[in-house]
Amino acid sequence: MSLVSPVLPLVLSLLLTPLPASQPVERIVSLGAGVTEILFALGAGPRVVARDGTSLHPEAASHLPSVGYRNGIGAEGILTLRPSLVIGEEGMAPDHVIQQLQAAGIRLVQVPGEPSVEGVRQQVRAIAAALEVPEAGETLIREMDADLARLQDPASRPGAPTPSALILYLRGNQATFVCGPESEPGSLLTLAGGTNAARDIRNCTAMTAESVVLARPEVLLVYTRGMASVGGLEGLLALPGVAQTPAGRARRVVVMDDLYLGSFGIRSGRAAVDLRRALLEGTGVVEVEAR
């Protein structure tokens, strides 16, 4: 079966039609929340004409047309935008879509997607190089490093260890997952100095009552949208095993903005400081807003 859609030749003919003189020289399609944040931070926001479904920060990005989510992204939707650059994380779209974009002569840049501080530095430098603004990239890295330095401030470092936390990714009662240290929220928890109660899980896996109880978390760490999807605190405590944990019995929960927690990127130093503070708040529900 051919990987080329029957619509693709028409799209290619549109692509090859010269752009009006009033159009910007560079038209960027950004695939990946972290990549989009960096593009805007580097001043390229006005040149971004579309983004993927995860790119919701900054707010200006959320108003751009979406080309879909990773596995649902198609070449036709991107080509009709007539981009001069498609940039995103490695694995940003299905392989056949990448091949179609390359066949169309689109400039394609894939950047590292490792959820670590060094991975973000590499990502910033790769994107800045693609935009030919390396100095701006180094400035952005220095700003990020200043946030990370706050994690070493004695005032932000507790005398006692931070409580163990279980990261729950929830989309209603039927889609519940536990995230381990190698996931993006897990990497942020580690950066904040926290202990992941699901240390034997690599990324994210389906949540079971047994795994939750055995983890014995002192705090539950939940995405804002996930908390809302189960109906708030009482709905969270009603999930299998949750009420039987030390965190559940103490009703101790940290609720964190989705992208702030789940997208390891240029704001991660700031997010880690805020997460550490929330983990040390004590009992009750603590909400962490993005900034």
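The values are calculated or read from the model by the stated rules, or taken from the named source; none is laboratory data. Nothing here was measured: the structure is a model prediction, and the numbers come from that model. A quick note on method: Cβ atoms are made from the backbone with ideal geometry, for glycine too, and the neighbour counts reach across all protein chains shown.
In this structure, Gly193 does satisfy being surrounded by fewer than 21 Cβ atoms within 10 Å (Cβ to Cβ), outside any helix (DSSP H, G or I) and in contact with a Lys or Arg (Cβ under 8 Å, 6 or more places away or on another chain).
When Leu14, Leu56 are checked against the criterion of being in the same structural domain as Glu114 (by TED's automatic domain parsing), under 18 Å from Arg267 (Cα atoms), at pLDDT below 95 and out of contact with any Gly (no Cβ under 9 Å at 6 or more places or on another chain), a single residue qualifies: Leu56. If you go through the stretch 66-99 and keep only what is farther than 21 Å from Ala128 by Cβ, of a type in the set (Asp, Glu) and in contact (Cβ under 8 Å) with a residue 40 or more places away in the chain, you end up with just Glu76. Provide a single number: the residues in the stretch 245-284 that are within 23 Å of the chain's Cα centre (by Cα) and not in a loop (DSSP other than H, G, I, E, B). Result for the stretch 245-284: 21. Would the stretch 247-260 turn up any residue that is outside the structural domain of Gly88 (by TED's automatic domain parsing), in contact with a Lys or Arg (Cβ under 7 Å, 6 or more places away or on another chain), farther than 22 Å from Gln123 by Cβ and at pLDDT 95 or above? Within the stretch 247-260, not a single residue is outside the structural domain of Gly88 (by TED's automatic domain parsing), in contact with a Lys or Arg (Cβ under 7 Å, 6 or more places away or on another chain), farther than 22 Å from Gln123 by Cβ and at pLDDT 95 or above. Count of the stretch 86-107 residues, restricted to those that are surrounded by fewer than 19 Cβ atoms within 10 Å (Cβ to Cβ) and under 22 Å from the mean Cα position of the chain (by Cα), is 4. Residues that are closer than 24 Å to Ser55 by Cα, crowded, with 22+ Cβ neighbours inside 10 Å and within 19 Å of the chain's Cα centre (by Cα) are absent from the stretch 204-214. Checking each residue in the stretch 229-257 for being touching a strand residue (DSSP E or B) at 6+ places or on another chain (Cβ under 6 Å) and of a type in the set (Gly, Ala, Ser) picks out Ser229, Ala247. Scanning the stretch 202-243 for residues that are farther than 25 Å from Arg277 by Cβ, of a type in the set (Ser, Thr, Tyr) and not in a helix (DSSP H, G or I) yields Thr205, Thr208.
Here Arg202 clears all of (1) modelled with pLDDT of 95 or more; (2) out of contact with any Leu (no Cβ under 9 Å at 6 or more places or on another chain) except the condition numbered (1). Restricting the first member to the stretch 186-201 and to residues that are closer than 10 Å to Leu279 by Cβ, and the second to residues that are among the charged types (D, E, K, R) and part of a loop (DSSP other than H, G, I, E, B), the beta-carbon pairs closer than 8 Å and six or more apart or on different chains are Gly193/Arg157.
Please verify whether Gly235 is surrounded by 15 or more Cβ atoms within 10 Å (Cβ to Cβ), modelled with pLDDT of 95 or more, out of contact with any Lys or Arg (no Cβ under 7 Å at 6 or more places or on another chain) and among the small types (Gly, Ala, Ser), treating the condition exactly as stated. Write out each step before concluding.
On the way: surrounded by 15 or more Cβ atoms within 10 Å (Cβ to Cβ): yes; modelled with pLDDT of 95 or more: yes; out of contact with any Lys or Arg (no Cβ under 7 Å at 6 or more places or on another chain): yes; among the small types (Gly, Ala, Ser): yes.
Considered against the rule, which asks whether it is surrounded by 15 or more Cβ atoms within 10 Å (Cβ to Cβ), modelled with pLDDT of 95 or more, out of contact with any Lys or Arg (no Cβ under 7 Å at 6 or more places or on another chain) and among the small types (Gly, Ala, Ser), Gly235 comes out as yes.
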